[in-house]
Amino acid sequence: METKRDRKAWLKGGAAVCDIPAEPQQRPRRLVLLGAPGVGKGTQAELLAASLGACHLSTGDIFRAAKGLDACDRTPALSAAIEHMKRGELVPDKTVLALVTERLRCLRCEGGFLLDGFPRTVAQAEALENLLQSQALKLDAVISYDLPLEQIVSRLSGRRTCPDCKSVFHVEARPPRTEGLCDHCGGKLYQREDDRPESIRVRMHAYETSTAPLADFYQRRKLLTAIPADGAPEDIFQRTLHALQNGRRKS
Ligand code: AMP
């Protein structure tokens, strides 16, 4: 069975320490992955994490991990955040920023990071910029995965997630070796509440109004690289590596 980093420090926050920490990298990569829900960011983040040694930091995974806790072990803000998530709405910036700030250690990780699902608003992007500046860190690139709407909806409705190790599969495009079971840890795959049709509509609207303007934000900073997100995950991954290598040559 493939070993997967546990990301305890990111998922639990506070004083939690990863059981399998990232290997220090000579030049740690610090990337933001942008794209509408269902575009395949999570899958690309996993592939990139394995290839670059950087940690996959998803804010959505923090909320999903919190959902599994007893209500008394959650702060009121986290419980409210879970309700927003179930409806497909964005969690308020204040809550998201408090969680990320509490996990500053993960941004400093010597393995680098792949931010997936954060930032999602211009206010969050500005806050991230300030957080990184305060640590004398810089983003290497912002990858924007682009896909037409009808393909996005098909990807979301076929997506299945592992509750234990958070790996993501698709009933057609990336089926697990054994139907319904995670390839990595054997967990029982499930469909996320927010991958149901009524939540998908709300999420797409939130994306168009709040997150799409981030492309301009990062374009102005000359950090943005757009990648077509059609085709097999491995092809998209190769496009991403190619774009990162080209970007590095230019810089
Ligand atoms: P994701 O797995 O990234 O699609 O996130 C799942 C859900 O968590 C989103 O639909 C939002 O409700 C919430 N969420 C995750 N990250 C953020 C963020 N950076 N800002 C606001 N809400 C977020």
Please specify each residue of the stretch 187-207 satisfying the condition of being under 21 Å from Gln44 (Cα atoms) and not hydrophobic (A, V, I, L, M, F, W, C). Gly187, Tyr190, Gln191, Arg192, Asp194, Asp195, Arg203, Tyr207
Check Ala243 against each of (1) under 23 Å from Phe63 (Cβ atoms); (2) part of a helix (DSSP H, G or I); (3) touching a residue at least 40 places away in the same chain (Cβ under 8 Å) and name the one condition it does not meet. (1)
Determine if the stretch 87-99 includes at least one residue that is over 21 Å from Ala16 (Cβ atoms), of a type in the set (Gly, Ala, Ser) and touching a helix residue (DSSP H, G or I) at 6+ places or on another chain (Cβ under 7 Å). yes
Selection within the stretch 102-129 - in a helix (DSSP H, G or I), touching a helix residue (DSSP H, G or I) at 6+ places or on another chain (Cβ under 7 Å) and away from the ligand (no atom under 13 Å from the Cβ): Leu104, Arg105, Cys106, Leu107
If you go through the stretch 140-159, how many residues are more than 15 Å from Gly231 (Cα to Cα) and either modelled with pLDDT of 95 or more or acidic (Asp, Glu) (or both)? 5
Positions within the stretch 85-97 being at pLDDT 95 or above and either surrounded by fewer than 16 Cβ atoms within 10 Å (Cβ to Cβ) or touching a His at 6+ places or on another chain (Cβ under 9 Å) (or both), in sequence order: Val91, Pro92, Lys94, Thr95
Being within 13 Å of the ligand (Cβ to nearest atom) and charged (D, E, K, R) is the filter here, so list the residues in the stretch 199-219 that pass it. Arg201, Arg203
Which ones in the stretch 45-88 are in a helix (DSSP H, G or I), touching a residue at least 24 places away in the same chain (Cβ under 8 Å) and within 11 Å of the ligand (Cβ to nearest atom)? Ala45, Thr59, Gly60, Asp61, Ile62, Phe63, Arg64, Met85, Lys86, Arg87
Could you tell me how many of the residues in the stretch 145-196 are among the charged types (D, E, K, R), assigned to a strand (DSSP E or B) and within 15 Å of the ligand (Cβ to nearest atom)? 2
Residue that is within 25 Å of Leu52 (Cβ to Cβ), out of contact with any Asp or Glu (no Cβ under 8 Å at 6 or more places or on another chain) and modelled with pLDDT of 95 or more, where the choices are Leu137, Leu181, Leu189: Leu137
Cβ pairs under 7 Å, 6+ apart or interchain, first in the stretch 198-217 and within 18 Å of Ala141 (Cβ to Cβ), second away from the ligand (no atom under 13 Å from the Cβ), ordered by first then second residue, are Ala215/Ser144; Ala215/Leu224
Please work out if Val91 is in a loop (DSSP other than H, G, I, E, B) and within 7 Å of the ligand (Cβ to nearest atom). yes
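The values are calculated or read from the model by the stated rules, or taken from the named source; none is laboratory data. Please read all numbers here as calculations on a predicted model, not as lab measurements. With ideal geometry, Cβ positions are generated from the backbone for all residues, glycine too; neighbour counts draw on all protein chains shown.
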